[in-house]
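The values are calculated or read from the model by the stated rules, or taken from the named source; none is laboratory data. Bear in mind that the values here come from a model prediction, so they are computed numbers and not experimental data. Note that each Cβ is placed from the backbone with ideal geometry, even for glycine, and that neighbours are counted across all protein chains shown.
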Amino acid sequence: MNLIVGFAAACCALSVAYYLLSTAIGLRFARRAAQLPGSSPKIAPRLAVLKPLHGSDDYLADNLVSYLEVDYSKVDFVFGVSDYEDPAASVVVALKPRYPFRHITLNIGERPNCANRKVAKLIEMAQRVPRAEILVLSDADVAVERDHLWRLVNELEADPELGLVTCLYRAKAGGGMVSRLAALFVNTDFVPLIMISKTIEPMRYAMGATIAIRREALASIGGFTRVKDLLADDYYLGKFASDQGYKIGLSSSIVTVRTDEPDFTAFWNHQLRWMRTYRNTRPISVATIVLHGPFWASMLLLLTNCSKLALTVFAAVVAVRILTARLQISQVLGLPEQRNDSWLTPVKDLVMTAAWVASLLSNKVLWAGRRLRVRSDGTMEEIVSSPVVGWPGPSRTAAIDQRHSGD
């Protein structure tokens, strides 16, 4: 018993140290992001923004407009849908007359025999922009600032060894309690983890919200076809480029997504898919359980029958967690309107601990209404047998995953 109590206490201490360190690193990153983009290259490279789409919502048009209004002229925009019946197609068509001086292409169709349907669109979309020197991949639910493309270009051009740069993303909550929990996961779990990872080791992966990759780097790994059957296509684009000797950069441009999970089931399935994907690509991520401070502080209370020392540790862990989450949300990510949600962070942490445990029990995920099995090599196969008990079929949950992934 004493050994377990000691382990729980050590995890509490590690968690507090992690919260403080990640906040300090985040504040340093925020100062970098607040600086103006560096000097522009003498000859600006031609870019192509590739956005695979599926379905529409109240924010899609605004997200696309944020790209069409960026301060960069030598850029082509390619939006991809599976067929003309997709509601996203009409959104793109409606925007074209508003931006007559932008090169906008709506690509219909996708490459067959691809397990990853987002990549199936990207393969076809990339062929529409043969002159582009840099391809910028972006999910449908991403919005950006006006200097976004200049930042990506300046960072790539500043270091010829960089093969691609990728972006952190912050989450704005759609309004409901579940969407607030989802935004807290992005803002207080995912972002700090990436920042610390970048500090202690070179990046060897990319994040799907935004990837800017040199065409020659993409060609060196075999193009998008190389990741057509992989669930974590974004991660592997970075990994394969790193394997070819290219460096991976973390941009100073923070993009914005919006969380709008309608219910807890949607949130839960989304987190399970993310955790099982992350566990598959980075098995060492299992060790992050030691950083679940509120869980270990609660365990300490139970194991010591709520001793005064355990109560003090619990209060300290929760207080530090809420304070650092508040700084992360408002000062690092620039979302002051959501800083009051920081009091929910310990509750979210306990939910995420349960999701973390559940993610270890299977290698199956629900994605865009499809039930998939993730193999040890990162590829996926569709499960076509009878439905899994307790898993929803195609529904609002599926629509959200489809829109976010472009599938």
Mind telling me which of the residues Leu36, Leu50, Leu3 ends up being on the phi < 0 side of the Ramachandran plot and touching a helix residue (DSSP H, G or I) at 6+ places or on another chain (Cβ under 9 Å)?
-> Leu50
Quick one: would you say Ala140 is small (Gly, Ala, Ser) and buried (at least 20 other Cβ atoms within 10 Å of the Cβ)?
-> yes
Which numbered condition trips up Glu145, out of (1) over 19 Å from Ile254 (Cβ atoms); (2) of a type outside the set (Val, Ile, Thr); (3) under 25 Å from the mean Cα position of the chain (by Cα)?
-> (1)
The one condition in (1) touching a residue at least 60 places away in the same chain (Cβ under 8 Å); (2) acidic (Asp, Glu); (3) in contact with an Asp or Glu (Cβ under 7 Å, 6 or more places away or on another chain) that Glu69 fails to fulfil = (3)
Pairs where the first residue, in the stretch 265-277, is of a type in the set (Gly, Ala, Ser) and the second is buried (at least 22 other Cβ atoms within 10 Å of the Cβ) and at pLDDT below 80, C-beta under 8 Å, 6+ apart = Ala266/Thr397; Ala266/Ile400
Can you run down the residue pairs with Cβ atoms below 9 Å, 6 or more apart or on separate chains, where the first is in the stretch 85-101 and in the same structural domain as Glu69 (by TED's automatic domain parsing) and the partner is among the β-branched types (Val, Ile, Thr) and part of a helix (DSSP H, G or I)?
-> Leu95/Val65; Arg98/Val65; Tyr99/Val65
Quick one: would you say Leu300 is within 16 Å of the chain's Cα centre (by Cα), surrounded by 17 or more Cβ atoms within 10 Å (Cβ to Cβ) and assigned to a helix (DSSP H, G or I)?
-> no
Among the candidates Tyr72, Tyr67, residue that is of a type in the set (Ser, Thr, Tyr), modelled with pLDDT of 90 or more, within 19 Å of Val144 (Cα to Cα) and in a helix (DSSP H, G or I) | Tyr67
Give the residues of the stretch 193-210 that are crowded, with 23+ Cβ neighbours inside 10 Å and assigned to a loop (DSSP other than H, G, I, E, B), sorted by residue number.
-> Ala206, Ala209
If the Cβ limit is 9 Å and pairs must be 6+ apart or interchain, which residue in the stretch 341-362 that is on the phi > 0 side of the Ramachandran plot and touching a residue at least 24 places away in the same chain (Cβ under 8 Å) pairs with which residue that is assigned to a helix (DSSP H, G or I) and of a type outside the set (A, V, I, L, M, F, W, C)?
-> none
Might you let me know whether the stretch 280-288 holds any residue that is out of contact with any Cys (no Cβ under 8 Å at 6 or more places or on another chain), modelled with pLDDT of 90 or more and in a helix (DSSP H, G or I)?
-> no
Screening Ala33, Ala8, Ala24 for residues that are without any contact (Cβ under 8 Å) to a residue 60 or more places away in the chain and in a helix (DSSP H, G or I) leaves only Ala24
Would you please list the contacts, defined by Cβ atoms under 7 Å and residues six or more apart or on different chains, that run from a residue in the stretch 293-307 that is closer than 14 Å to Val347 by Cα to a residue that is among the basic types (Lys, Arg)?
-> Gly293/Arg321; Pro294/Arg321
For the stretch 167-192, enumerate the residues that are closer than 21 Å to Ser251 by Cβ, in a helix (DSSP H, G or I) and of a type in the set (D, E, K, R).
-> Asp189
Top-ranked residue in the stretch 211-248 [being modelled with pLDDT of 95 or more, part of a strand (DSSP E or B) and not basic (Lys, Arg); ranked as surrounded by the most Cβ atoms within 10 Å (Cβ to Cβ)] | Ala212
(1) out of contact with any Lys or Arg (no Cβ under 9 Å at 6 or more places or on another chain); (2) over 15 Å from Lys74 (Cα atoms); (3) modelled with pLDDT under 95 all hold for Ala115 apart from (1)
